[in-house]
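Remarks on the structure that follows.
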Amino acid sequence: MGEPICIRDFEQYAYKTLPRNALDYYRSGAGQQETLANNKRAYSNYRIRPRCLRNVDKRDLSVTIQGERISMPIGISPTAMQKMAHPDGECANAKAAQDMGTIFTLSTISTSSIEEVAKAAPRGIKWFQLYIYKDREVTKQLVWRAERAGFIALVLTVDAPFFGLRLADIRNKFALPPHLSLANFQGNKSTDITKSTDGSSLSAYVNSLFDQTIEWKDIAWLKSITKLPIIVKGVLNPEDAVTAIEAGVAGILVSNHGARQVDGWPASIEALPEIAKAVGGRVEVYVDGGVTDGTDVFKALALGAKMVFMGRPALWGLAHSGEEGVKKVLNIIKREFDNTCAISGCARISDITPSMVVHKSYYAK
Ligand code: FNR
């Protein structure tokens, strides 16, 4: 296989090289994986209506997100346990994002700790993804460690009181390889997920430790312990988007968790337009799930997202060549996005307007 030139090439390389346990964990969706296929397929239901003769000689892809200028509207979603893809794991991913001038989001259940990632990418824009644990003391410590380490936003995942039924993980009795650990919880026996006797050890972990009682009022609790802006991740219903704004969040990440929760949820790009409409510009809206091409980024922005995030593509980059691999993935999608913008008549992000992307049914009229 030659040098990868698109994200699909990286994915194929990872499929050939990663151990089964890790590959299945990374690639799987919930149930029969209809939503997983749809996350990607749904993008092709939208068409770009280009504009021409608009001077696209010089282009600027930068955007301001939560007050920070970033180089492009494409960042990294939190994915757990990245050292299964490459020994440098989350640190390599964060360094790549830092070099590319964009946002890296660290998962709570990472194999590199908050402090290790901060040290590896001190200048990078880092967000911390939070799961709320039954033990609120554990949750507080995570938040405070992230603050101290220079993470500048919290991404509260709201779509995972339990984990979805990922059949491959159940079949494989998924467990973290014994040389790895959940690095934010060193020395804590209840976080050992290296052994599985029945089904996925990760699901057992989530079921026993995550707080399944959390409600919207708990955002107030979170706000009482931190000054960091809170972005809720996993909103698919416009009514929840409105409630989130009332609860005082700073941003909404439209996401179906990479199709890993319930098969039958919409593709995230399908859910985006009505959520963007309900939000009406009051807070920033982002989207992740199925973004694998620069044209996807263009479509997501026209349909109401201020930026997109990617989970698996960064894992495939890591599996290929660590930090360099993630940088290549980010450079490839940046180049594709730039190319789409240039040829469709957009020299800057604000030139991408809602009327430039339509559902394919528009042309069937
Ligand atoms: C995830 N996702 C995720 N989300 C989260 O909030 N915390 C987490 O720890 C994880 N872990 C995780 C592991 C793996 C292997 C995957 C694939 C996904 C969901 C993730 O943040 C994001 O929503 C999706 O990955 C986006 O879809 P794509 O880009 O993978 O298609």
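Here are a few things to note about the model shown:
- Between Lys58 and Arg171, the distance separating the two model label sites (each 7 Å from Cα on the Cα→Cβ line) works out to 5.5 nm.
- Average Cα contact separation per residue, the chain, under 8 Å, 6 or more apart, as relative contact order %: 27
- Listed as lacking a disulfide-compatible partner in the chain: Cys6, Cys52, Cys91, by the criterion of no other cysteine Cβ under 4.7 Å.
- Debye-formula intensities of the chain, expressed as log10 I(q)/I(0) at q = 0.11, 0.14 Å⁻¹, are -0.71, -1.21 (one equal scatterer per alpha-carbon, no solvent).
- Dipole orientation for the chain: of the candidates Val158, Ile214, Ile5, Ile5 has the Cα lying most toward the positive pole (charges on Cβ; Lys, Arg +1; Asp, Glu -1).
- The stretch between Ser321 and Arg282, if pulled fully straight at 0.36 nm per residue, gains 10.0 nm over its current Cα-Cα span.
- Rounded to the nearest 0.05, the FRET efficiency derived from the C-beta distance between Trp221 and Arg20 at R0 = 51 Å is 0.80.
- Net lengthening on full extension, Gln12/Glu274 (0.36 nm per residue, minus Cα-Cα): 90.9 nm
- Placing +1 on the Cβ of every Lys and Arg and -1 on the Cβ of every Asp and Glu, with no other charges, gives the range 195-236 a dipole of roughly 240 debye about its Cα centre.
- Between the range 188-218 and the range 279-294, the Cα center-to-center distance that results, in Å: 28
- Net charge dipole, the chain: roughly 580 debye, given to the nearest 20, about the Cα centre with Cβ charges of +1 for Lys and Arg and -1 for Asp and Glu.
- Based on DSSP H segments of at least four residues, each scored -39500 (n - 2.57), the chain has a per-residue ellipticity at 222 nm of -12000 deg cm²/dmol.
- Positive-end residue, the chain charge dipole about Cα centroid, Cβ charges, pick of Thr108, Thr295, Gln261: Thr295
- Taking 0.36 nm per residue of sequence separation and removing the Cα-Cα distance, the Ala347/Lys119 pair yields an extension gain of 78.5 nm.
- Set Lys195/Lys328; Lys334/Lys365; Lys40/Lys140; Lys140/Lys189; Lys119/Lys328 screened for pairs whose C-alpha atoms are more than 25 Å apart: Lys195/Lys328; Lys334/Lys365; Lys40/Lys140
- Environment charge of Ala175, counting only residues whose C-beta is closer than 13 Å and scoring Lys/Arg +1, Asp/Glu -1: 0
- Cα pair distances exceeding 14 angstrom across the range 57-150, given as percent: 65
- Put a plus charge on the Cβ of each Lys and Arg, a minus charge on the Cβ of each Asp and Glu, and nothing anywhere else: the dipole of the range 179-318 about its Cα centre is then about 400 debye.
- R0 of 30 Å, Cβ-Cβ distance Met1-His359: FRET efficiency to nearest 0.05: 0.25
- Part-to-part distance (alpha-carbon centres) for the range 329-356 and the range 1-57, which is given in Å: 18
- Legend: calculated FRET efficiency, Ser71 to Thr194, from the Cβ-Cβ distance at R0 = 30 Å, rounded to 0.05, equals 0.20.
Readers should treat all values here as calculations from the given coordinates under stated rules, not as data from a laboratory. All values reported here derive from a predicted model rather than from experimental measurement. Because the Cβ atoms are built from the backbone with ideal geometry, glycine has one as well, and the counts that use them run over all protein chains shown.
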